[in-house]
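Novice: Following this message is one structure expressed as structure tokens.
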Amino acid sequence: MTNTVNIPTNMLPEDGRFGSGPSKIRPEQVQALDAGARNLLGTSHRQTPVKQVVGSIREGLSNFFQIPDGYEVVLGNGGASAFWDIACASLITRKAAFGTYGSFSAKFAKSAQSAPFLEDPEIFAGKPGTYRLPELTEYVDAYCWAHNETSTGVAAPVKRVEGSKEQGALTLIDATSGAGALNVDISQTDAYYFSPQKAFGSDGGLWIAVLSPAAIDRAYGIAKSVSLPGARRWIPPFLSLTSAIENSRKDQTLNTPAVATLVMLENQVRWLNDNGGLAWATARCARSASLLYQWAEKSDYAQPFVSDENARSNAVVTIDLDESINASQVVAALRKNGIVDTNGYRKLGRNQLRIGVFPSVEPSDVEALTKCVDYVAEHL
């Protein structure tokens with residue numbers, strides 16, 4: 001076999017980026033960077049021009065998610081993975097319960113397991129390709145799971161565990177690859193946090209969290225308790241959620257951010273809102289995802305990895321290939337034709353394609369991709 005397959009140019013999608021990691025960046029975002037070179041790039045994040053960009057992002061996301069009264073959009077440095085440690089330091093009082101069903105949903109749980117001032121968390125584990133939500137558990141003060149499991153293409157419902165609010169527990173949702181691509185009722189969460197490199201078409205290194213009044217109160221209460229005699233908890237300044245809240249209220253971050261990331265994010269949020277907000281974005285992603293699922297179901301060599309239709313993600317689609325078709329060779333052939341980042345998650349170890357269908361991806365490009373995969377599979 002060879003992976004030297006030349007796909008006819010009239011079959012190729014206009015944009016060949018389908019990665020589940022970085023999302024497609026629209027030309028308008030690059031133009032915004034060019035325009036920002038005059039008065040934004042290289043400017044201190046504590047100066048008015050950059051603070052205006054942050055203010056626009058916070059206002060735009062508030063409108064996009066239609067956040068309830070009292071909720072706040074907070075930004076910080078470090079990416080969503082940093083927020084796992086921030087939550088351990090500033091949101092989990094004593095013990096958390098986790099739903100884990102893939103590599104990324106399990107990482108937050110591992111952070112809680114390693115925190116010396118927290119009790120061992122309760123883990124409710126599901127098999128890859130399914131989801132498992134945490135159950136009401138005595139003495140738990142935070143329930144945590146991922147809206148979208150990037151590694152497997154599974155989307156989980158976002159709804160408070162019954163009885164958790166009466167228990168005084170928070171609901172913390174890792175939304176990195178789901179935010180902006182999947183529908184959500186923010187009132188069902190206390191922290192809905194994500195990085196901007198997926199649906200929000202920007203670069204990493206930043207975290208954004210939509211926080212409820214209860215989460216904000218919890219953060220300030222824990223911060224106050226740290227100074228009590230005999231307290232075991234330590235909140236490093238970089239992981240201080242109260243510091244992030246106070247800086248965000250001033251439309252800035254604690255440390256210097258990548259201003260280019262802010263510029264691209266602000267442009268993307270405005271683009272999403274101008275086109276119809278969350279309802280428009282989720283419908284667009286659902287259309288692209290359905291093209292892939294329907295193609296796989298009709299194929300004689302491909303099938304959706306997630307068998308439960310209600311658990312299939314409209315943000316990241318995973319497609320298993322028959323053993324007679326080597327997925328690595330398909331991915332390599334696609335890449336040589338300019339279609340990049342369709343490889344499956346390496347740790348899952350399946351003969352699989354994994355395709356990001358975030359809002360910036362044109363559904364027509366997704367349809368063209370299916371035809372290109374068929375062409376490559378036939379000619380390998």
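The values are calculated or read from the model by the stated rules, or taken from the named source; none is laboratory data. If you're wondering where the values come from, they're calculated on a predicted model, not measured in any experiment. Please note: Cβ atoms are built from the backbone with ideal geometry, for glycine as well, and neighbour counts cover all protein chains shown. All accessible areas refer to the heavy atoms of the entire protein, side chains included, with ligands and DNA or RNA removed. Shrake-Rupley method; radii C 1.70, N 1.55, O 1.52, S 1.80 Å.
Novice: Tell me what the chain gives for mean residue ellipticity at 222 nm when only DSSP H runs of n ≥ 4 count, each as -39,500 (n - 2.57), the sum divided by the residue total, rounded to 500 deg cm²/dmol.
Specialist: Numbers: 10 runs with 138 residues, N = 380.
When only DSSP H runs of four or more count, the value is -11500 deg cm²/dmol.
Novice: Between the helical axis of 363-379 and the dominant principal axis of the chain, each derived from Cα atoms, what acute angle in degrees is found, rounded to the nearest 10?
Specialist: For 363-379 against the chain, the angle is about 50 degrees.
Novice: What pairs from LYS110/LYS198; LYS24/LYS110; LYS298/LYS371; LYS127/LYS371; LYS95/LYS198; LYS298/LYS336 go past 20 Å between their alpha carbons? Intermediate results must be reported in sequence, preceding the final value.
Specialist: On the way: LYS110/LYS198 23 Å; LYS24/LYS110 30 Å; LYS298/LYS371 13 Å; LYS127/LYS371 31 Å; LYS95/LYS198 30 Å; LYS298/LYS336 26 Å.
From the list (LYS110/LYS198; LYS24/LYS110; LYS298/LYS371; LYS127/LYS371; LYS95/LYS198; LYS298/LYS336), the Cα-Cα distance tops 20 Å for LYS110/LYS198; LYS24/LYS110; LYS127/LYS371; LYS95/LYS198; LYS298/LYS336.
Novice: How high is the relative contact order of the stretch 30-174, in percent, with contacts defined as C-alpha pairs under 8 Å that are six or more residues apart?
Specialist: Numbers: 198 pairs, mean separation 27.0, N = 145.
The normalised contact order for the stretch 30-174 reaches 19 percent.
Novice: Can you give me the Cα centroid spacing of the stretch 105-183 and the stretch 1-58 in angstrom?
Specialist: Answer, in whole Å: 31.
Novice: While we're looking at this one, here's another question. From the protein chains alone at 1.4 Å, what is the descending order of accessible area for ASP365, ASP308, ASP69, ASP274, largest first? Don't jump to the answer; show the numbers that get you there.
Specialist: On the way: ASP365 10, ASP308 75, ASP69 150, ASP274 125 Å².
Most to least solvent-accessible, the answer reads ASP69, ASP274, ASP308, ASP365.
Novice: Could you give the radius of gyration (one decimal) and Dmax (whole number) of the Cα atoms in the stretch 167-277, in Å?
Specialist: Values for the stretch 167-277 (Cα only, Rg and Dmax): 15.8, 54 Å.
Novice: What is the angle, in °, between the Cα long axis of helix 259-275 and the longest principal axis of the Cα atoms in the chain? Nearest 10 is fine, range 0 to 90.
Specialist: For helix 259-275, the angle is close to 70 degrees.
Novice: Hey, another quick one. Whose amide H sits under 5 Å from the amide H of ASN343, counting only residues 5 or more places off or on another chain, with H placed in the peptide plane?
Specialist: ARG354
Novice: Now, a different point. Give me the accessible area per residue for the chain, probe 1.4 Å, as a whole number in Å². Please report the intermediate quantities before stating the final value.
Specialist: Numbers: 16070 Å² over 380 residues.
With the other protein chains kept in place, the chain gives 42 Å² per residue.
Novice: Okay, next question. Quick one: net charge around ALA260, please, counting Lys, Arg +1 and Asp, Glu -1 for every other residue with C-beta under 15 Å from its C-beta. It would help to have the intermediate numbers written out before the result.
Specialist: Numbers: positive: ARG26, ARG38; negative: GLU28, ASP34, ASP203, GLU266.
My count for the surroundings of ALA260 gives -2.
Novice: Give the angle, between 0 and 90 degrees and rounded to the nearest 10, that separates the Cα long axis of helix 80-90 from the longest principal axis of the Cα atoms of the chain.
Specialist: The angle comes out at about 20 degrees.
Novice: Now a separate question. Compute and list, largest first, the equivalent-ellipsoid semi-axes of the stretch 278-380 from the alpha carbon gyration tensor, each √(5λ) rounded to a whole angstrom. Don't skip to the end; give the middle numbers.
Specialist: Details: eigenvalues 90, 47, 31 Å².
Whole-Å semi-axes of the equivalent ellipsoid: 21, 15, 12.
Novice: Just the number, please: Stokes-Einstein D of the stretch 1-142 in µm²/s, Kirkwood Rh from C-alpha pairs, 37 °C, 0.692 mPa s. Show your work: numbers first, answer last.
Specialist: Details: Rh = 19.8 Å.
Here the translational diffusion coefficient equals 165 µm²/s.
Novice: Just the ratio, please: alpha-carbon radius of gyration of the chain over 2.2 N^0.38 Å, N its number of residues. Walk me through the intermediate numbers first.
Specialist: Details: Rg = 21.3 Å, N = 380, 2.2 N^0.38 = 21.0 Å.
The reported ratio for this selection is 1.01.
Novice: State, as an integer percentage, the relative contact order of the chain based on alpha-carbon contacts under 8 Å between residues 6 or more apart. List each step's numbers first, then the result.
Specialist: Working: 783 pairs, mean separation 97.8, N = 380.
Relative CO of the chain lands at 26 percent.
Novice: Summarise the accessible area of the chain (1.4 Å probe, protein heavy atoms) by the percent that is carbon and sulfur. Before the final figure, lay out each step's value.
Specialist: Details: 7510 of 16070 Å².
Of the solvent-accessible surface of the chain, carbon and sulfur hold 47 percent.
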